[in-house]
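Have a look at the structure below before the remarks.
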């Protein structure tokens, strides 16, 4: 199981690194597309298609068809969060000899997950009211975009720099801190309808008694039960799938299919037992 977990982590880290280097601005570009729609509406102008909306539309379509794999594998800000968390985890284990992954209790995570929707509503409301211009220099992701573009933000981005530093600290305390709690684009993705073929599912009848490893390993503390009210919070990191000791979690398979596979896999065992008894 540990080999499978390590393999998944390495593959994911490699993909994240590629996207971080090649396309670090995808997140901010996608949200710029969302903002452009509401800015046009607020100004009483027709919404015209632009390059920002190309990215926004593509990522929303990918989310509907395949789930939030962009968040789990391609978002540079999310990848930064993973790096900060894993670095903190390494220090805790090697220096302070702490075992296990650290993070917030499930109830706290559930409450904080709602903050990103409030933040999204606040940003959109500020656009409608024309107050958004007053937020110039306060955006931590604008500061991040500048840094990834090798540009130093000037003094007008002082608040944005402070917020970015605070977010980096938060990333050390909880896996996917920004993505779960503060990402306005993540709120948009979480609200999108996701096809059943892109949801993680499991056959509970195959789960060991009192296991719960998948939920413990999930950054969002999700139950792996397909389409649930919280399924939009899944960032498709595949950690649950790699953690399951019985390989009981699949993406895009119905529970009935999982049961059929389990029945087929048990059949040869029964035949072998019956043959041994007859001998």
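The values are calculated or read from the model by the stated rules, or taken from the named source; none is laboratory data. Values in this document were obtained by computation on a predicted structure and should not be read as measured data. Virtual Cβ from ideal backbone geometry, glycine too; neighbours counted across all protein chains shown.
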*Can you name every residue in segment 197-248 that is in a helix (DSSP H, G or I), touching a strand residue (DSSP E or B) at 6+ places or on another chain (Cβ under 9 Å) and free of Cβ contacts under 8 Å to residues at least 40 places away in the same chain?*
214, 231
*asked:* When the residues of segment 80-102 are narrowed to those that are assigned to a helix (DSSP H, G or I) and without any contact (Cβ under 8 Å) to a residue 40 or more places away in the chain, which ends up farthest from residue 179 (Cα to Cα)?
replied: 94
*Which one of 166, 119 is in a helix (DSSP H, G or I) and in contact (Cβ under 8 Å) with a residue 40 or more places away in the chain?*
119
*asked:* Please pick out the residue among 127, 62, 41 that is under 30 Å from residue 199 (Cβ atoms) and part of a helix (DSSP H, G or I).
replied: 62
*Qualifying positions in segment 1-12 - without any contact (Cβ under 8 Å) to a residue 12 or more places away in the chain and either within 16 Å of residue 73 (Cα to Cα) or surrounded by 15 or more Cβ atoms within 10 Å (Cβ to Cβ) (or both)*: 6, 10, 11
*Check on residue 45, farther than 16 Å from residue 179 by Cβ, at pLDDT below 95, surrounded by fewer than 18 Cβ atoms within 10 Å (Cβ to Cβ) and touching a helix residue (DSSP H, G or I) at 6+ places or on another chain (Cβ under 7 Å)*: no
